[in-house]
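Working notes, structure below.
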Amino acid sequence: MLIEPQSLKYFAEVARTGSLRQASETFFVAPSAISKQISNLEKELGTALFDRSPRGAVLTVAGQLLLDYVNSNTRRVEELYAAINDLSSLRRGLVRIALVEAAVHSFIPDLITEFSVEYPGISVHLDVCGTAQIVEALVEHGADIGMAFNVLNRDDINLHGRSVQPLMMICRPEHPLSVRKSVSMSELTNTRVALPTRAFGIRYLIDKAAERENIQLRATVEANSLQVIKNLCRQSDIVSFMPPLTLMHEVSHGWLRAIPLDGHDSESATIDVVTSRSRQLPAAAQNFLKLLLLRLRAPRQSV
């Protein structure tokens, strides 16, 4: 069954490598055969697809349009194969998840392990990125399921579950503030603080909490990795602020403490589980989604 013409496969490989020779090695055919197929495509479309340059074969504007079509068609073919594989009682398949970093180090590893025990033939692909990129991946069908912070209402996105995550101060167990039942932002003006960069939605909540108490936090460190910040808090008297979901692993092992902030119930993030409204999830992704929502509502306690 010919789903994609061989000429388009040759074309896409030359576009990827910029070389007829490398494409010929990939497909084990002569470069002249690939060149002829591409020439036939150019005749059919009535335009050149490549410009020759010292850097190799470079796509023309028309060539880029054709490559976009091929990539889109490839994704549709992958969805077709995934749907057909569903008929095999989930013996094979792929679940693609786009998620924020905060979810990677919490319950997701345990969730994937649990899912893999029941469905050993299904692979899980994780793409860690920001909320905007997650929504884009879902809309473009580059991901099946998204886990993101504070997703805005959109006509092209389905919201399946939402977990409210209040902002907490985090510190190591030996920190003087670790024994407190709560702490106020105003007590932290002279405390060394690690903050995520403003690319993180969490940073907006932190700044909002500090602004409400009219204080300036001492940002000893700014980082674009929540894991780096958690490690700093574990190894020093630096403190930071994160939602509970971000800390499940570290808190359950006694490596970090999470202390509620006084009077800042409104500074809460939401972890949202979302999918694209324009496509039906393959059965493998549907089963993963069910388990994810179950664990999000009632997370297991680590031993």
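The values are calculated or read from the model by the stated rules, or taken from the named source; none is laboratory data. Note that the coordinates shown come from a computational prediction; the quantities given were computed from them, not determined experimentally. For neighbour counting, all protein chains shown are included, and Cβ atoms are generated from backbone atoms with ideal geometry for every residue, glycine included.
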Those residues of segment 183-202 which are modelled with pLDDT of 85 or more and surrounded by 14 or more Cβ atoms within 10 Å (Cβ to Cβ), in sequence order: 183, 184, 185, 187, 188, 191, 192, 193, 194, 195, 196
task: Go through segment 31-49 residue by residue and tally those that are exposed (fewer than 13 other Cβ atoms within 10 Å of the Cβ) and farther than 13 Å from residue 14 by Cα.
output: 4
query: Yes or no: residue 95 outside any strand (DSSP E or B), of a type in the set (A, V, I, L, M, F, W, C) and in contact with a helix residue (DSSP H, G or I) (Cβ under 8 Å, 6 or more places away or on another chain)?
result: no
query: List, please: which pairs have Cβ atoms under 8 Å, are six or more places apart or on different chains, and start with a residue in segment 33-60 that is without any contact (Cβ under 8 Å) to a residue 40 or more places away in the chain and end with one that is β-branched (Val, Ile, Thr) and part of a helix (DSSP H, G or I)?
result: 34/14; 38/14; 49/38; 50/14; 50/38; 56/17
message: Restricting to segment 212-271, name every residue that is part of a strand (DSSP E or B) and hydrophobic (A, V, I, L, M, F, W, C).
response: 219, 221, 223, 239, 241, 242, 258, 259, 261, 269, 271
task: Being surrounded by 14 or more Cβ atoms within 10 Å (Cβ to Cβ) and either touching a residue at least 60 places away in the same chain (Cβ under 8 Å) or over 22 Å from residue 149 (Cα atoms) (or both) is the filter here, so list the residues in segment 207-230 that pass it.
output: 213, 215, 217, 220, 221, 226, 227, 230
task: State which residue pairs qualify: first residue closer than 19 Å to residue 74 by Cβ and in the same structural domain as residue 54 (by TED's automatic domain parsing) and inside segment 1-30, second residue part of a loop (DSSP other than H, G, I, E, B) and hydrophobic (A, V, I, L, M, F, W, C) in any location, beta carbons under 7 Å apart, and separation of 6 or more residues or different chains.
output: 11/49
- line: Among 274, 251, the single one that is more than 30 Å from residue 76 (Cβ to Cβ) and modelled with pLDDT of 90 or more is 251
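Please state which one of 152, 138 is surrounded by 14 or more Cβ atoms within 10 Å (Cβ to Cβ) and not in a strand (DSSP E or B).
Numbers: 152 fails: surrounded by 14 or more Cβ atoms within 10 Å (Cβ to Cβ).
Being surrounded by 14 or more Cβ atoms within 10 Å (Cβ to Cβ) and not in a strand (DSSP E or B) holds for just one of 152, 138, which is 138.
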Options 242, 185; residue that is out of contact with any strand residue (DSSP E or B) (no Cβ under 6 Å at 6 or more places or on another chain) and either more than 19 Å from residue 271 (Cβ to Cβ) or in contact (Cβ under 8 Å) with a residue 24 or more places away in the chain (or both): 185
message: Quick check on segment 50-72. Is at least one of its residues modelled with pLDDT under 90, surrounded by 16 or more Cβ atoms within 10 Å (Cβ to Cβ) and not basic (Lys, Arg)?
response: yes
field: Odd one out for residue 117, checked against (1) in a helix (DSSP H, G or I); (2) in contact with a helix residue (DSSP H, G or I) (Cβ under 6 Å, 6 or more places away or on another chain)
entry: (2)
- request: Please state which of the following conditions residue 174 fails to meet, knowing it meets all the rest: (1) outside any loop (DSSP other than H, G, I, E, B); (2) more than 11 Å from residue 275 (Cα to Cα).
  value: (1)
